[in-house]
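Worksheet: the structure to be examined is printed underneath.
The values are calculated or read from the model by the stated rules, or taken from the named source; none is laboratory data. Model, not experiment: these values are computed from the prediction. Neighbour counts are summed over all protein chains in view; Cβ atoms, including those assigned to glycine, are modelled from backbone coordinates with ideal geometry. Just so you know, the surface numbers come from the protein's heavy atoms only, side chains and all, with ligands and any DNA or RNA stripped out. Shrake-Rupley method; radii C 1.70, N 1.55, O 1.52, S 1.80 Å.
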Amino acid sequence: MIKVFVSDLDGTLFDEDHQLPSKTRSLITMLRKNGYRFGIATGRPRMSAETVIEDLEDLVDFAVFENGAEAYDFTDGTQIFQYPLDRVAALEVIANARKFNLNPTLTVNNKMYTDDGSRFEGYDSKIRNILVVGDVTLAVQEAQAKILVNGSPEALKPLIEYTKAVGNPAYKAVKTATDLLEFMDPRVNKTLGIQWYLENHGLTMENVVAFGDNDNDVEMIEAAQIGVAVKNATDSVKAVARMHCDSNIENGVYKFITQFLEQ
């Protein structure tokens, strides 16, 4: 029996302006009033998600951040942090990104640290306001959830190929958007964080409908009882999805859930 809905944010639940549509917000509230649970699973750190959804903790039951490395159960205030990158691996990723003139970024204590702030032009102003620009290696901690590298698809390609050739088991690289490559512990994925929440409430992935669009959504789409790919999803996501819906700019998640409830 389906009891839980969980969705990625950018490219899935958010519209083309990376905002939550008002009718989707109302639908989430209605779902929860009718006994369903709603959560988000995103590659964003918590502070980034909350620049868009300021009342996130009140709006949803749970949230998975950093692709699964962090998870929060807002119903009881518990949280978990899992499988961070160690300092040595993080510094290696940063060095490799710099070899190809790419821009490494990391998050520490609700601040984003980056080598080149100009590469975030066009991002939401709230994101730009939390950027600290300089030598990003100076901000690396003993443990990092992930290292983010941004650049055009063409610019990222050599780093992807180099990472595959090096084959370091300490980290993996996952495309989370056309211009974003994220490095994390190989064990990290969104299903990891979702399952932590579910186990706390006597539920399993058989109770879940999950929505996603990018390669960091593959595991949760495949593991969910009903994994749904939006129309704008990557081929990898579409290949494992059991069902499909309209794109994010067509309010695909909203339409799918509305039709699901009418059955």
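Just to be sure before I move on: is Tyr83 open to solvent by 50 Å² or more (accessible area, probe 1.4 Å), part of a loop (DSSP other than H, G, I, E, B) and hydroxyl-bearing (Ser, Thr, Tyr) in the structure I sent?
Details: open to solvent by 50 Å² or more (accessible area, probe 1.4 Å): yes; part of a loop (DSSP other than H, G, I, E, B): yes; hydroxyl-bearing (Ser, Thr, Tyr): yes.
For Tyr83, the condition - open to solvent by 50 Å² or more (accessible area, probe 1.4 Å), part of a loop (DSSP other than H, G, I, E, B) and hydroxyl-bearing (Ser, Thr, Tyr) - is met.
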| request: Check Glu206, Glu219, Glu182 and return the single one that is under 30 Å from Gly77 (Cβ atoms), of a type outside the set (A, V, I, L, M, F, W, C), open to solvent by less than 40 Å² (accessible area, probe 1.4 Å) and not in a loop (DSSP other than H, G, I, E, B). | output: Glu182
| Out of all the residues in the stretch 105-112, is one or more farther than 30 Å from Phe38 by Cα and among the basic types (Lys, Arg)? | no
| note | A careful count of residues in the stretch 12-36 that are under 21 Å from Asp213 (Cα atoms) and in contact with a strand residue (DSSP E or B) (Cβ under 7 Å, 6 or more places away or on another chain) gives 3
| message | Take the residues in the stretch 158-179 that are of a type in the set (D, E, K, R) and in a helix (DSSP H, G or I); name whichever of them is farthest from Ala224 (Cα to Cα). | response | Glu161
| query | Are there any pairs with C-beta distances below 8 angstrom linking a residue in the stretch 16-35 that is farther than 16 Å from Gly252 by Cα to a residue that is part of a helix (DSSP H, G or I) and modelled with pLDDT of 95 or more, with the two at least 6 apart or on different chains, and if so which? | reply | Thr29/Leu59; Leu31/Ile257
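Which is free of Cβ contacts under 8 Å to residues at least 24 places away in the same chain and closer than 30 Å to Ile94 by Cβ, of Lys255, Lys157?
Only one candidate passes the filter, namely Lys157.
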| task | Taking the residues in the stretch 11-46 that are of a type in the set (Asp, Glu) and touching a helix residue (DSSP H, G or I) at 6+ places or on another chain (Cβ under 8 Å) as candidates, determine which candidate is farthest from Thr75 (Cα to Cα). | result | Glu16
| message | For the stretch 111-131, give me each residue that is within 25 Å of Ala71 (Cα to Cα) and at pLDDT 80 or above. | response | Lys111, Met112, Tyr113, Thr114
| said: Can you find a residue that is under 15 Å from the mean Cα position of the chain (by Cα), closer than 30 Å to Asn168 by Cα and not aliphatic (A, V, I, L, M) anywhere in the stretch 13-28? | reply: no
| Of the residues in the stretch 185-203, how many are touching a Phe, Trp or Tyr at 6+ places or on another chain (Cβ under 8 Å), open to solvent by less than 20 Å² (accessible area, probe 1.4 Å) and closer than 29 Å to Phe100 by Cβ? | 2
| message | Condition first: open to solvent by less than 20 Å² (accessible area, probe 1.4 Å), part of a helix (DSSP H, G or I) and at pLDDT 95 or above. Now tell me which residues in the stretch 22-65 satisfy that. | response | Thr24, Leu27, Ile28, Leu31, Leu56, Leu59
| task | Select from the stretch 1-12 the residues that are of a type in the set (A, V, I, L, M) and either open to solvent by 10 Å² or more (accessible area, probe 1.4 Å) or under 21 Å from Ile130 (Cα atoms) (or both) and list them in ascending order. | result | Met1, Ile2, Leu9
| said: Going residue by residue through the stretch 89-102, is there one that turns out to be in contact with an Asp or Glu (Cβ under 8 Å, 6 or more places away or on another chain), outside any helix (DSSP H, G or I), open to solvent by less than 60 Å² (accessible area, probe 1.4 Å) and touching a residue at least 12 places away in the same chain (Cβ under 8 Å)? | reply: no
